[in-house]
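Engineer: What follows is a single structure, and I will ask about it in a moment.
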Amino acid sequence: MAVLSLRTLFFVCCLLITNFISQASADNNTQNYHYFCDHINDRGNYTADSTYHTNLNTLLSTLTSNTLINYGFYNFTNGENTDKVYAIGLCRGDVKPDECRKCLEYSRANLTQLCPNRKEAIGWYEDEKCMLRYSDRSIFSLMEVGPAYFAWSSLNATTQVEQFNKVVKDLLDGLRSKAALGDSQSKYATGYATAPDNKTIYGLLQCTPDLSGQGCDNCLLQSIKEAFNCCSSRIGARIVRPSCNLRYETSSAFYGPPAYVTSPSPSPSPSTVTYNTSSPEKGNASGTSVDIHVIPLLMLLLCSFFISI
């Protein structure tokens, strides 16, 4: 009976994962859009046509139409007391201002449709080109690692796996230091390194720039650790959180030249691997050549718990 009960729990867990995947990868016009409707902080619902609803619509409209900001980060508020709304918009560091606003507008339309009447929601669109989130609580300068999702390539490094993992780790650690040293407008770093078999590993790390340098560093440290827990020896992986993103691949460069250049900062201590943080001359920015599997982090941990019982 105990074995049957555990199998039943595992089956339920897998159903939950399937449900979350269907939400994170919606069909038709929401394909390639990952979102969560208030899964971590139960902020409840707002009433249609209420003051909060009006404030939210006004705030999101202002955010997505703002042409004064050219560095891809928006953090606005609107309203007072219990009707106050907080919103953050963040674009990847290589996304130009006009493309950024289009991405956020698309995200706004989908997020309010997919999370109707929810006071808190978050969504990422088109390979994390942009993130949009809003809440009735202050989310500024707050390091948050959930809700999160992660993805990995179906392919493993086939030779010198230990050395491959070391090169990935050193590359990500170096980029982490660079991103954390960014300013209040951009905390973003890209680069590449050469792994065994002359494979080129491309990496991208980014934090919301309202975080302190230490907050950014802590968020990325957790993501790097998680990348090696879930995806060790995989030739590509992503860890996507509200406060920071991590991605690496070996297939091709998935990022372009920076759309915004931060002010000079002191150079971080050299890492044990030589890595190049300039933009490669050639590369496919789509990054679609890597077979990616997506599972929300919370559900995977839950499932692992039931399997280990």
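Engineer: Please enumerate the residues belonging to segment 118-136 that are closer than 12 Å to Leu60 by Cβ and touching a Gly at 6+ places or on another chain (Cβ under 8 Å).
Structural biologist: Across segment 118-136, the qualifying residues are Leu132, Arg133.
Engineer: Here is a further query. Condition test on Thr190, is it assigned by TED's automatic domain parsing to the domain that holds Thr250, β-branched (Val, Ile, Thr), part of a loop (DSSP other than H, G, I, E, B) and over 30 Å from Asn81 (Cβ atoms)?
Structural biologist: On the way: assigned by TED's automatic domain parsing to the domain that holds Thr250: yes; β-branched (Val, Ile, Thr): yes; part of a loop (DSSP other than H, G, I, E, B): no; over 30 Å from Asn81 (Cβ atoms): yes.
Criteria not met by Thr190.
Engineer: Could you say which residue among Ala151, Ala121 is over 20 Å from Cys207 (Cβ atoms) and either touching a strand residue (DSSP E or B) at 6+ places or on another chain (Cβ under 8 Å) or among the acidic types (Asp, Glu) (or both)?
Structural biologist: Ala121
Engineer: Let me ask another. Considering each of Thr18, Thr47, Thr77 in turn, give the residue that is outside any strand (DSSP E or B), more than 20 Å from the chain's Cα centre (by Cα) and modelled with pLDDT of 90 or more.
Structural biologist: The conditions single out Thr47.
Engineer: Any idea which of Asn218, Asn165, Asn245 is part of a strand (DSSP E or B), among the polar types (S, T, N, Q) and touching a residue at least 24 places away in the same chain (Cβ under 8 Å)?
Structural biologist: Going through Asn218, Asn165, Asn245 in turn, the sole match is Asn245.
Engineer: Would you confirm whether any residue within segment 52-69 is more than 30 Å from Ser153 (Cβ to Cβ) and touching a His at 6+ places or on another chain (Cβ under 6 Å)?
Structural biologist: No; the residues of segment 52-69 include none that is more than 30 Å from Ser153 (Cβ to Cβ) and touching a His at 6+ places or on another chain (Cβ under 6 Å).
The values are calculated or read from the model by the stated rules, or taken from the named source; none is laboratory data. Predicted model only: the values in this text are computed from it and were never measured. Here the Cβ is made from the backbone with ideal geometry for all residues, glycine too, and neighbour counts use every protein chain on show.
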